[in-house]
Each structure stands twice: as C-alpha cells, then as structure tokens.
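The values are calculated or read from the model by the stated rules, or taken from the named source; none is laboratory data. Computed from a predicted model, the values in this text were never measured in an experiment. In this analysis, Cβ positions are derived from the backbone assuming ideal geometry, glycine residues included, and neighbour counts consider all displayed protein chains.
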C-alpha cells in the first residue's frame, strides 16, 4: 500500500524507474529493441574529451536493479548513495557499488532530517551571530590581521554545522541524473573526492541534466589581508573534484538565482561573498570532460589546480571543456595550473558585467589549448582582457570569433594580450588535443549552444 501511495504522488518518477528497469531487463534479450532513451544508462562516447581515456567513463550504467533509485529529497539522496541506508549526514566513505540515481523535482540541501527548511540562524553555534562578528572584526577595531579568538572559533563551528547538511559525498561508479529539465539540487555541495594517505581516487562518475543552484556559505570568513582592502571568503562549491578521475559533467545548469551577487550586502566595504566555485577541479584530479553545461550568474566559476605549490598535480589535471555556455560570469572560465586543458566550441557572453575580470587564467605550468570559441561582449571588454597571466607562460588560441559570425570578426586572443602586456605569452604548450568527438566551426557555436546546452526533457 505504501508503494502504491508513492507511485500516486510521484507518477513521473515511477515512469522513469520503470523504464530504467525495463531497459536493464531488455539488455539481456538482444532480440528486443528498446527505443526509449534512458539518460541514466548513457555512457560517455568514445573520444569525447579527456574522460574518454582508457576504459572511458560509464558511471553507474552497470547498476543492478536494486541499485537504481529515484530520489525526491536530501534524505533519499544520501541513502541512495550508500546502498539505500539512511543517514543524517553524508558518510565520508560513500558506496562505490555501481548505482544510478534519478533526481525528481527540487532537492534542498539546507533542511533537517524531516526535510524542514533551515535558515542560517539555525546553524549558529557557540554564541555566533553575524552582528557580533562584524562588531568584533571591524578593521577600525581589529586592525589588518586575521580574525582569531572565541568568536572566530564560533564562526568555524557554525560553518561546520552547515557543511554537515549541504555536503553530499559521491562514491565511484555513480550516475546522478535529473529526470527532466526541472530537476534541481538547491544549496547542495556535491563532493567527489578520494582519500589521501594512501591516495585512492574516486573514479567513474557521471553528473547530468541537473540544475545546480545557490550553493552558499552562511559563514564567510573576513580576511583583511586578501587584496588591498580585504575580502570575504567562503566555502562550498556546487561540484568539487579532488583526487578524482574519469568524471563526466554534462548538460547541467550552474547558477546563483536566489543568492545572486547583486542581492548580497556589503560589509567593511566589500561584498559579503557567500559563494565559492561552481565547478572546481583540484588535488591531482584527472581525465574530466565538461560538456554542454550552462554556467551563469557567478564570480569565480572553475578553478583547475588549487595552488602554485601543488606540484603533485604535474602530469595530471587533463580536462576537456566543450560546448558550454558561460554567461554573466566574472572569472575563472577556467583558471588553470599545471593541467593540459582543451577549451573548444564554448560560448562566452560578457554583456554589461561591471565585475568582469578575465576568461582564461594562464597559471603556473598550465597548457591551455583554446580553439573555435565564440565571444559576445560589451564594448568595454576588449580582446586583450580575455586572458589573465597568473604565473603561466603559454597558451594556444585558435579561430576565435568576437561578436559576429564572419571572418572579419576573427581575433587572435594571445596576440591581443601580448600587444598590451609584458612579458609575452608563447604558444609552447607542448601538446595537441586528439580526443574530439564532435567539433563545430566557430560561427555555428552560439546557435548550437543556445539550443542544446543545459538540462533537457529526455523521457
């Protein structure tokens, strides 16, 4: 009877689950042709970027019927990632058994175990309040040194309380997919990370067809030494990869909607920044394909490589970005250290964004190979601003178009940068991409991405 009630409340999810089980059954009967598309059983195609290396990226496509789940809330999502076992917080060692998880509807991260919403005040610990924090660490009172003492410790404890709710750890051999173009993870941090000491990577993960919105930190730290006047620094990415390999991030929408930067207050003269990255790939991660996504309304979008001193990243961080939309974002699309990163057929829309900083960050020992990308910009975004040199030396930029689909709007981005900056960047990146499954001429990029990027209805 309980199962019948669930089916009545979630008819769409039931159809998805039934279709997935039917596809599994039919896979053992070659004479039956299954025409219904099942995104959960899709695998990355051959040559589709760096994640296709070796055995490729298949996610949970080999899941047994009892490892196929439809989830509608945080509690169900955590259980599905751990062999159906419920837990108040996401376990630090999630299941690596092949599994497919279909997300139906909107899943909120900032909720209690009964799915009741939690506010920032609900996470306050040990006497922390924002008002007390602002009073204690006002630079006019505290000076230009890092916050310390009981109130800073209370902020950290409060942040950890929120982290226990929003952080969802993902195991190997997992596919997470939205059942339609409205499936949403709101305020959730998908953390795909292996272990260190010894290093054991998380591997073979697919995240597709989701709206990943408004991952925010209630408790940013004030750092008066960050920049000329200080900055607020926050935790939590929409998705983070650390010690992870063979990851496919496809047809998602990353955005700040309810917590967009323009809605945030200013304290100590700086925006109270509650966001970190939308998709950060660090800590010796490798073989990642990021395709057909939308990255919107954000500041620091994608960090590849965590620091100039992270020399363990040498020879790793092989990433492909293709057919993504970057719209009204300010920087790090991507910022690269060490990695061999292929950036092709992406569409960059930089219109009326006073906070724009740069697009491609050339970091230490980075090797970006950018080709056939299309930029649509406001007049104040001159071509030399597309690149920022961040201790790197080389980048290749080929067949870029600016603002119109015609040859006379072709720009040499590296040459434009070199014309107004010293020292020059070279083209000595030391590699040439070979893993390309689908390639468009630059003039076709805007129309293809506008019609196909982001979540879609696949049933």
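Tabulated data
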item	result
Subset of region 80-100 (residues that are crowded, with 17+ Cβ neighbours inside 10 Å and over 15 Å from residue 202 (Cβ atoms))	80, 100
Matching residues, region 311-342, being part of a loop (DSSP other than H, G, I, E, B), on the phi > 0 side of the Ramachandran plot and in contact with a strand residue (DSSP E or B) (Cβ under 8 Å, 6 or more places away or on another chain)	317, 323, 332, 338
Qualifying residues in region 247-264 (those that are in a loop (DSSP other than H, G, I, E, B) and touching a strand residue (DSSP E or B) at 6+ places or on another chain (Cβ under 8 Å)) - the one nearest to residue 210 (Cα to Cα)	252
Residue under evaluation residue 251, criteria (1) touching a helix residue (DSSP H, G or I) at 6+ places or on another chain (Cβ under 9 Å); (2) on the phi > 0 side of the Ramachandran plot; (3) surrounded by fewer than 18 Cβ atoms within 10 Å (Cβ to Cβ), criterion not met	(3)
Unmet requirement for residue 199, which otherwise passes all of (1) farther than 15 Å from residue 96 by Cα; (2) in contact with a strand residue (DSSP E or B) (Cβ under 8 Å, 6 or more places away or on another chain)	(2)
Residue tally, condition within 26 Å of the chain's Cα centre (by Cα), surrounded by 14 or more Cβ atoms within 10 Å (Cβ to Cβ) and in contact (Cβ under 8 Å) with a residue 60 or more places away in the chain, over region 372-430	5
Test: residue in region 215-236 that is buried (at least 18 other Cβ atoms within 10 Å of the Cβ), touching a strand residue (DSSP E or B) at 6+ places or on another chain (Cβ under 6 Å), closer than 30 Å to residue 316 by Cα and free of Cβ contacts under 8 Å to residues at least 60 places away in the same chain	no
Residue check, residue 439 modelled with pLDDT of 95 or more and not in a loop (DSSP other than H, G, I, E, B)	no
Residue within region 166-177 that is surrounded by fewer than 24 Cβ atoms within 10 Å (Cβ to Cβ) and in contact with a helix residue (DSSP H, G or I) (Cβ under 7 Å, 6 or more places away or on another chain) present	yes
Residue that is surrounded by the most Cβ atoms within 10 Å (Cβ to Cβ), among those in region 181-194 that are within 25 Å of residue 64 (Cβ to Cβ) and more than 14 Å from the chain's Cα centre (by Cα)	183
Residues of region 293-310 satisfying the condition of being free of Cβ contacts under 8 Å to residues at least 60 places away in the same chain, outside any strand (DSSP E or B), surrounded by fewer than 20 Cβ atoms within 10 Å (Cβ to Cβ) and in contact with a strand residue (DSSP E or B) (Cβ under 7 Å, 6 or more places away or on another chain)	306
Any hit, region 120-137, residues being exposed (fewer than 15 other Cβ atoms within 10 Å of the Cβ) and in contact (Cβ under 8 Å) with a residue 60 or more places away in the chain	yes
Wholly within region 35-139, strands (runs of 3 or more DSSP E) carrying at least 3 residues that are more than 20 Å from residue 217 (Cβ to Cβ)	68-71, 99-103
Evaluation of residue 352 against (1) modelled with pLDDT of 95 or more; (2) more than 26 Å from residue 57 (Cα to Cα); (3) outside any strand (DSSP E or B) (one fails), failing number	(1)
Residue among 257, 200, 206 that alone is more than 21 Å from the chain's Cα centre (by Cα) and over 17 Å from residue 146 (Cα atoms)	200
Members of region 283-292 that are part of a strand (DSSP E or B) and more than 12 Å from the chain's Cα centre (by Cα)	286, 287
Scope region 365-382; condition more than 15 Å from residue 434 (Cα to Cα) and not in a loop (DSSP other than H, G, I, E, B); matching residues	374, 375, 376, 377
Residues of region 398-432 satisfying the condition of being in a loop (DSSP other than H, G, I, E, B) and either in contact with a helix residue (DSSP H, G or I) (Cβ under 9 Å, 6 or more places away or on another chain) or closer than 17 Å to residue 375 by Cβ (or both)	399, 403, 404, 405, 406, 412, 421, 424, 425, 427
Single unsatisfied condition, residue 107 versus (1) farther than 27 Å from residue 229 by Cα; (2) out of contact with any strand residue (DSSP E or B) (no Cβ under 8 Å at 6 or more places or on another chain)	(2)
Condition met for residue 44 (closer than 24 Å to residue 291 by Cβ and under 22 Å from the mean Cα position of the chain (by Cα))	yes
Answer from 62, 146 - the residue that is closer than 19 Å to residue 248 by Cβ and out of contact with any strand residue (DSSP E or B) (no Cβ under 6 Å at 6 or more places or on another chain)	62
Cβ pairs under 6 Å, 6+ apart, first in region 39-57 and touching a residue at least 24 places away in the same chain (Cβ under 8 Å), second in a helix (DSSP H, G or I)	40/20; 41/23; 44/51; 44/52; 46/52; 57/51
